[in-house]
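First the structure, in the form of structure tokens, and then the observations on it.
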Amino acid sequence: TQSTRPQRLLGAVQKNATRGDPRSVVQAIDQFCRQKEWAMNVGDEKGCILDSVVSEVNPATVLELGTYCGYSTVRIASLLPPHAKLITLEFNPDFAAIARQVIAWAGLEDKVHLIEGASGDWIPKMTEQFGVKTFDLVFLDHWKDRYLPDTMLMEECGLLRKGSILLADNVICPGTPDYLEYVRSSPRYESQYFKSHLEYTKVEDGLEKSVFLG
Ligand SMILES: Cn1cnc(CNC(=O)c2cc(-c3ccc(F)cc3)cc(O)c2O)c1
Ligand SMILES: [Mg+2]
């Protein structure tokens, strides 16, 4: 039977990356996506912007919406201080199964809680299930039409505090127009656009960083 692209991506990690070395896992995926098959990881160019925001925030609690194969999960988790927690939500069970193995290859399973399920179902359960009061950083990289409803849901559930940072991928391509309009026009957010390119291409894309003002 035919393998899937995520399975082939995992194979490239197991072949080319060193167990327990997150940077080599990130490098192996980027090499696979540049040389063999494009995949929807945040990628190396936007990944550097992600790294700088994570390092600046130095978060104790992180929520990632959209795990896919775990590329950005590994980038974020490798920069977290000890005892920090990264919760990542993935709807697609096949992606989640691959991501678990990529995260384990990087040796980061102790820093990451991967949940299989829909963000809309799990966001209201964060506090009771994981004892998280608020998130210092949220990385939005899931279905583009869920960015806005899930942001409103996080507000309603009290998961954002004054200073919480939302970092959203793909605000240009594929695009998240309703989300962008909301965070850029709402008095409750201070937003900044980081121009970049769609992973592994010359197409414009970027990350939107929004500070919740409370
Ligand atoms: C099925 N599914 C499970 N998770 C998701 C959420 N992610 C995306 O949809 C996503 C899509 C693209 C993209 C795809 C085709 C294209 F031509 C240009 C861009 C890039 C990304 O960085 C993404 O995050 C989708
Ligand atoms: Mg993306």
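Read-outs: derived from the displayed coordinates by stated rules, not from any lab. Owing to the predicted nature of the structure, the values given are computational and were not obtained by experimental measurement. Ideal geometry is used to build each Cβ from the backbone, glycine not excepted, and the neighbour counts take in all protein chains shown.
In whole Hz, what ³J(HN,Hα) sequence does region 159-167 give by Karplus (6.51, -1.76, 1.60; θ = phi - 60°), x for Gly and Pro? Computed from phi, the couplings for region 159-167 are 8, 10, 10, 3, x, 4, 10, 9, 10 Hz. FRET efficiency for the Arg8 to Glu116 pair, using the beta carbon distance and R₀ = 25 Å, is estimated at 0.75. What the Cβ-Cβ distance of Ala97 and Cys173 gives, at R0 = 22 Å and to the nearest 0.05, is a FRET efficiency of 0.20.
Taking the Cα centre of the chain as reference, the dipole from Cβ charges on Lys and Arg (+1) and Asp and Glu (-1) amounts to some 460 debye.
For region 60-65, the Karplus equation 6.51 cos²θ - 1.76 cosθ + 1.60, evaluated at θ = phi - 60°, returns couplings of 8, 10, 10, 10, 10, 9 Hz by residue, with Gly and Pro reported as x. Residues whose amide H comes within less than 5 Å of that of Phe91, counting only those at least five positions distant or on another chain, are Thr67, Gly117 (H built at 1.01 Å from N in the peptide plane). Amide H to amide H distances under 5 Å link Gly206 with Asn170, Val171, Ile172, Cys173, Ser196, where only residues 5 or more positions off or on other chains count and H is placed in the peptide plane. Taking 14 Å as the cut-off, the amide N atoms of region 190-214 that come nearer than this to a point 7 Å along the Cα-to-beta-carbon line of Glu45 belong to 194-207. Averaging the Cα positions of each part gives two centres, and for region 77-120 and region 138-214 these lie 20 Å apart. Spin-label model, Ala104/Val203: points 7 Å from Cα along the beta carbon direction are separated by 3.3 nm. Would you kindly state the longest site-free stretch of the chain, with sites defined as trypsin sites (Lys or Arg not before Pro) in a DSSP loop (not H, G, I, E, B) surrounded by at most 15 other Cβ atoms within 10 Å? So the longest stretch without any such site is 37-132.
The ratio of the alpha-carbon radius of gyration of region 123-178 to the globular-protein estimate 2.2 N^0.38 Å is 1.16. The phi torsions of region 127-135, fed into the Karplus equation with coefficients 6.51, -1.76 and 1.60 and a -60° offset, translate into couplings of 5, 5, 7, 10, x, 7, 7, 9, 9 Hz, rounded to whole numbers, with Gly and Pro shown as x.
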